[in-house]
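The next block holds one structure in the form of structure tokens; read it before the comments.
The values are calculated or read from the model by the stated rules, or taken from the named source; none is laboratory data. Source: prediction; values computed, not measured. A quick note on method: Cβ atoms are made from the backbone with ideal geometry, for glycine too, and the neighbour counts reach across all protein chains shown.
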Amino acid sequence: MSDNYLMKPCPFCGSAGAIEEVEGAIGKAWSPYCSAALKEDDCILGHTLLSFTRKKEAVEAWNTRAKIIEDVSYVRIEPSLI
């Protein structure tokens, strides 16, 4: 079985998705993140706080995107709240 998986670009900045092996309380785990987190032009997403025991699950989670809904209602945010 191949251990190579294709990752979608970051949904926030478009940079390449990346994955790293980490050690945690559960042992070896995989954590997906935005590769721009390693550069000076830091992405808003950066490293995720999610980790998975299987690399394939981490990639699948990263590649999951919300369904685009055509009829979207927007809510106005008062400038004083920003």
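So, of the residues in the stretch 23-52 that are under 17 Å from ASN63 (Cα atoms) and either in a helix (DSSP H, G or I) or of a type in the set (Ser, Thr, Tyr) (or both), which turns out to be modelled with the lowest pLDDT?
Only one residue fits best here, namely THR48.
Look through the stretch 1-22, keep the residues that are among the hydroxyl-bearing types (Ser, Thr, Tyr) and more than 16 Å from THR64 (Cβ to Cβ), and return whichever of them is modelled with the lowest pLDDT. Break it down stepwise before answering.
Going residue by residue through the stretch 1-22, those that are among the hydroxyl-bearing types (Ser, Thr, Tyr) are 2, 5, 15.
Of the ones still in play, those that are also more than 16 Å from THR64 (Cβ to Cβ) are 2, 15.
Numbers: SER2: 51, SER15: 90.
Among those residues, the one meeting the criterion is SER2.
Tally time: how many residues in the stretch 53-82 are more than 30 Å from ASN4 (Cα to Cα) and in a loop (DSSP other than H, G, I, E, B)?
Step one: filter the stretch 53-82 for residues more than 30 Å from ASN4 (Cα to Cα), giving 69-82.
From what's left, in a loop (DSSP other than H, G, I, E, B): 69-78, 82.
Final tally of qualifying residues: 11.
Taking the stretch 2-15, which residues are more than 17 Å from GLU57 (Cβ to Cβ) and surrounded by 12 or more Cβ atoms within 10 Å (Cβ to Cβ)?
PRO9, CYS10, PRO11, PHE12, CYS13, SER15
Go through (1) assigned to a loop (DSSP other than H, G, I, E, B); (2) surrounded by 15 or more Cβ atoms within 10 Å (Cβ to Cβ); (3) among the β-branched types (Val, Ile, Thr) for ILE19 and report which single condition fails.
So ILE19 meets the others, but not (1).
Which of the residues that make up the stretch 52-73 are polar (S, T, N, Q), more than 16 Å from PHE12 (Cβ to Cβ) and exposed (fewer than 11 other Cβ atoms within 10 Å of the Cβ)? Don't jump to the end; show me each part of the working.
Pass one, the stretch 52-73, residues polar (S, T, N, Q): 53, 63-64, 73.
Pick out the ones that are also more than 16 Å from PHE12 (Cβ to Cβ) and you get 53, 73.
The one that is polar (S, T, N, Q), more than 16 Å from PHE12 (Cβ to Cβ) and exposed (fewer than 11 other Cβ atoms within 10 Å of the Cβ): SER73.
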